[in-house]
1. If a residue counts only when it is touching a strand residue (DSSP E or B) at 6+ places or on another chain (Cβ under 7 Å) and at pLDDT 95 or above, which helices (runs of 4 or more DSSP H) contained entirely in region 232-328 have at least 1 such residues?
2. Residue under question is residue 193, and the condition is that it be at pLDDT below 95, surrounded by fewer than 23 Cβ atoms within 10 Å (Cβ to Cβ) and in contact with a strand residue (DSSP E or B) (Cβ under 8 Å, 6 or more places away or on another chain); does it hold?
3. Do we have any residue at all in region 65-75 that's part of a loop (DSSP other than H, G, I, E, B) and at pLDDT below 95?
4. Return the residues of region 8-28 that are touching a residue at least 40 places away in the same chain (Cβ under 8 Å) and surrounded by fewer than 18 Cβ atoms within 10 Å (Cβ to Cβ); say none if nothing qualifies.
5. Look through 276, 289 and report the one residue that is in contact (Cβ under 8 Å) with a residue 12 or more places away in the chain and over 26 Å from residue 116 (Cβ atoms).
6. Search region 157-186 for residues that are within 18 Å of residue 90 (Cα to Cα) and without any contact (Cβ under 8 Å) to a residue 24 or more places away in the chain and pair each with any residue that is near the ligand (Cβ under 10 Å from one of its atoms) and part of a loop (DSSP other than H, G, I, E, B) when their beta-carbon atoms are under 6 Å apart and the residues are at least 6 apart or on different chains.
7. Please determine whether any residue of region 236-257 is in contact (Cβ under 8 Å) with a residue 40 or more places away in the chain, buried (at least 19 other Cβ atoms within 10 Å of the Cβ) and at positive phi.
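The values are calculated or read from the model by the stated rules, or taken from the named source; none is laboratory data. As the structure is a prediction and not an experimental result, all values here were calculated from the model. Cβ coordinates were reconstructed from backbone atoms using ideal geometry, including for glycine residues, and neighbour counts include every protein chain displayed.
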Ligand SMILES: [Zn+2]
């Protein structure tokens, strides 16, 4: 940023259902945000048009000059080809081989940086969230799937082929549950919101619980959200489901502690609403499995930015490209 010039960035969290567009100052503080339905089936041109409109609306709303916008960062569902800024094949959006970085850059006339959504969230948490001030961080986001991101010395670790950080697809049970990726026993097959509701449904059969009453006996209505809520309200069955989730997650975390020895492990997603019901058994299990020296000095904490992590991280992606570094 030229000295004395105020600069702003746009951070975009492109999701399967909703796309969030945020305006940020150059320190990563979100000033305003808008949401729009992604409607992936309409193709990338549609959402690019909607993003352009939201961008203009934000500029007007905050009365900043268009020329003070320095760039746009995007966290998108993967897999991606990072070098060319292309979204490869995304079932969530129904797109294939979309050079989103260049399309968006052409539409808004600004530099665009693109990375996958989980990496963006990890960078956001490292920069401004639960990992602020740390050097290295591993981030698990438990949503429909289990997203993962690794930040080492302020850099997202992409690996040689851009695949790194798929923490949800580490095997935690050799002959375990089938995963959407085709493997079996992945962390995602146990700890995603989808898996939590599935495990609850299976375990509930023939067993009386506040959970079956909460869904009026219709087990198809069980969602992970209802499971957390019932657990917090004291239902023993749901507490068991959360405690089991904690153990699975702990196995994944202990693996990462022993491999990477990060300073901070961040856990995001709805399941963290279960609070100590999740974190107490989790920390106990990690303590059994990780090297004490790997655990010492590591904080295992809930995410700090909530639903903003993706947008803030997207701002981080572009700021890093434009300014070369993020700063505190
Ligand atoms: Zn998998």
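1. It comes to 236-260, 276-289, 309-323.
2. Yes.
3. Going residue by residue through region 65-75, those that are part of a loop (DSSP other than H, G, I, E, B) are 65.
Among the residues that remain, those that are also at pLDDT below 95 are: 65.
Among the residues of region 65-75, at least one is part of a loop (DSSP other than H, G, I, E, B) and at pLDDT below 95, which makes the answer yes.
4. Of everything in region 8-28, those that are touching a residue at least 40 places away in the same chain (Cβ under 8 Å) and surrounded by fewer than 18 Cβ atoms within 10 Å (Cβ to Cβ) turn out to be 16, 27.
5. Details: 276 fails: in contact (Cβ under 8 Å) with a residue 12 or more places away in the chain.
The unique qualifying residue is 289.
6. Final answer for the pair search is 169/181.
7. No, the conditions are met nowhere in region 236-257.
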